[in-house]
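To keep things clear, I will list the structure first and then write my remarks on it.
The values are calculated or read from the model by the stated rules, or taken from the named source; none is laboratory data. Only a predicted model underlies this, so the values are computations on that prediction, with no experimental measurement involved. When we count neighbours, we look across all protein chains shown, and the Cβ atoms used for this are built from the backbone with ideal geometry, even at glycine. Remember, those area values only see protein heavy atoms, side chains included, never the ligands or the DNA or RNA. Shrake-Rupley method; radii C 1.70, N 1.55, O 1.52, S 1.80 Å.
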Amino acid sequence: MKPDFENGGDFRSIKKQARTAAILYFLNALPAPFALLYVPSVLIVRGNAIATANNVRDSEALLRLGMAGELFSSTVVIFAVLAFYSLFKAVSGKHARAMLVLMLISVPVSYLNVLNDLAALTFARGPEFLSAVFDQRQLDAFVLFFLRLHNHGFILAQIFWGLWLLPFGILIWRSGFIPRILGAFAIVAGCGYVISSSASLFLPTFAGVIGQYAMILQAGELSFIWLVLWGAKPQRGATSTEEMK
C-alpha cells in the first residue's frame, strides 16, 4: 500500500510505523557506549597481557554485562530494520531490500563476535584442561588476544552499520514523508562508518586521525532523534511516493 497523504488514516499509520522503527533503532543503540566503549576501556591495558587478564578476572561481571548488551543490541536491531523495511518498501522495494540485507548481514557477525569475549573469559579463568597445556603467561596473552580480536570483529560489523544507511538515506530522500535533509545526514553518517572501519582495517597507521574526522560524519546518525520525536510528516510538494520515483 503506497502512502497517500490525502488519507488521514493511512498517514497516521505511516507516522506510527516511522516512530516505532526509530524507537527500536534507538533502543538498539543504547547499550553501545557501555558495551563497545566503556567495557574495553576498563579491561584492556594496551600491550600488557598480565594486567588485562587480571582486570578480566577481577571484573568478570562487567565483561558479561557488556556481552549481554551486545546481544541485546544485535537482537533489537533485527526488529528495527524489519520495521523500517515495512515502512519504506512502498517507496522503493529495491532500496528497501538492500537496506534490510546490509543490516542483517551485520547481525551474525555481531553474535559470533561475542564468542571472542567468552574465549577471553575462559582463558582468564584458566580451567584445568588449559593449564595442563599452557602456562599462566600464555593464558594471559590469549586473554588480550581475544579481546583485541573482538575489537576487530566490531570494526568488521561497523562496515555494514554504515552501508545500510546508504539505501536508507535514499529511501528517506524519496519518501515524501520525512525531510530530505535527514536522508542526506544518514548517507553522510554511513560514509563515516565505512571510512572509519576501512581505515582501521587497511590503513592502521592513519586510523586514529581518519577516525577523528569520520566521527564528525557519523554524527549524522543523530537524525534518528527526529524520527523518534515526530515519526513522519507530509513534506511540502509531496503527495505520494509515486511522485518521488
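Couple of notes before you dig in:
- Residues in region 142-161 include none that are surrounded by fewer than 22 Cβ atoms within 10 Å (Cβ to Cβ) and not in a helix (DSSP H, G or I).
A quick yes/no check of all residues on (1) in contact with a Cys (Cβ under 9 Å, 6 or more places away or on another chain); (2) farther than 21 Å from ALA51 by Cα; (3) open to solvent by less than 20 Å² (accessible area, probe 1.4 Å):
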| residue | (1), (2), (3) |
| --- | --- |
| LYS89 | no, yes, no |
| SER92 | no, yes, yes |
| ALA96 | no, yes, yes |
| VAL101 | no, yes, no |
| ILE105 | no, yes, no |
| ASN113 | no, yes, yes |
| ASP117 | no, no, yes |
| PRO127 | no, no, no |
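- Residue in region 57-67 that is of a type outside the set (Lys, Arg), under 16 Å from VAL228 (Cα atoms) and either surrounded by fewer than 16 Cβ atoms within 10 Å (Cβ to Cβ) or in contact with a Phe, Trp or Tyr (Cβ under 9 Å, 6 or more places away or on another chain) (or both) present: no
- Qualifying residue in region 146-168 (condition: over 30 Å from LEU222 (Cα atoms) and touching a residue at least 12 places away in the same chain (Cβ under 8 Å)): yes
- TYR213 vs. criteria part of a helix (DSSP H, G or I), surrounded by 21 or more Cβ atoms within 10 Å (Cβ to Cβ) and either modelled with pLDDT of 95 or more or among the aromatic types (Phe, Trp, Tyr) (or both): no
- In this structure, LEU227 does not qualify as assigned to a helix (DSSP H, G or I), open to solvent by 40 Å² or more (accessible area, probe 1.4 Å) and modelled with pLDDT under 95.
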